[in-house]
Amino acid sequence: MARVIKGSPLTTSKLSIRDAYGIFLRGKKSVCSQSTYNIYVELGERIIIPKLTELTDDDMNNVTADVLRILIDDYGTDHNAGGVAFVHRHLMAFIRWYWDEYEIPTRVPTVKVKKAASPPKQGITQSDIDKLLKSAKEHSVFPERDIAMIMILCDTGIRRSSLANLKMRDVNINRGELVVFEKDQQYHTKAFGQATCKAIKKYLMCLSDVNPEDPFWISLDG
């Protein structure tokens, strides 16, 4: 008859750092943007996997707060607070995932780092915008498209990747708004003004046979 064995180990067998991180990545791939996923891959190969493998004898069961502290302190000897905070954020995402995925009954090991100062970046000036628009008008092979791109970026503040991924169905010139899928894995509506709407209309007048699922930005060669 089956019976409960009390006092069982935290996990039934040894799980290597690379195997655990590989499972973690497979889960991230379906919920992260491609750019965020690439960061996890790069940090894993360059820092997290080799350092944890060295410090734990390649066994996830040996991950402790002391191990994480050594990893972060070692990285901090050659990197500033911003770089350390960046690695710490992704490392802890992996550790929390492992404790949750394998239902480890002990408390998640954590390590704190100093918050990096984030001074606001200088915004683009109207003079800069005017120069960009002038350059597009005078030198672009497809000025209607490039002017519309600049106007949307300046009016909505969306990311370059969000701009590039727009489809025809995402832009509504009648309502003066567009829909983008952002890094938080949510759809967001962004409004734009009359000047931008006018630029978009001029661009769309250069196109034919437009379908809702077509990419919004078309080059001269298709």
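Structure summary
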item: Selection count, the stretch 141-155, where residues are within 20 Å of V171 (Cβ to Cβ) and either open to solvent by 50 Å² or more (accessible area, probe 1.4 Å) or outside any helix (DSSP H, G or I) (or both); result: 6
item: Which listed residue, of I124, I158, I129, is farther than 26 Å from V31 by Cα and assigned to a loop (DSSP other than H, G, I, E, B); result: I124
item: Near pairs, Cβ below 7 angstrom, 6+ apart or cross-chain, from the stretch 205-222 (closer than 13 Å to V141 by Cα) to any residue that is assigned to a loop (DSSP other than H, G, I, E, B) and open to solvent by less than 70 Å² (accessible area, probe 1.4 Å); result: I218/L207; L220/F142
item: Answer residue from the stretch 1-52, given it is among the basic types (K, R) and within 19 Å of V67 (Cα to Cα) and is modelled with the lowest pLDDT among those; result: K14
item: Cβ-Cβ under 6 Å pairs, at least 6 apart or on other chains, the stretch 55-72 side of a type in the set (D, E, K, R), far side open to solvent by less than 60 Å² (accessible area, probe 1.4 Å); result: D58/S16; D58/I17; R69/V111
item: Number of positions in the stretch 123-140 that are crowded, with 17+ Cβ neighbours inside 10 Å and either more than 19 Å from M205 (Cβ to Cβ) or among the small types (G, A, S) (or both); result: 2
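The values are calculated or read from the model by the stated rules, or taken from the named source; none is laboratory data. Since this is a predicted model, take the numbers as computed values, not measurements. When we count neighbours, we look across all protein chains shown, and the Cβ atoms used for this are built from the backbone with ideal geometry, even at glycine. These accessible areas exclude ligands, DNA and RNA; they are computed on the full protein's heavy atoms, side chains included. Shrake-Rupley method; radii C 1.70, N 1.55, O 1.52, S 1.80 Å.
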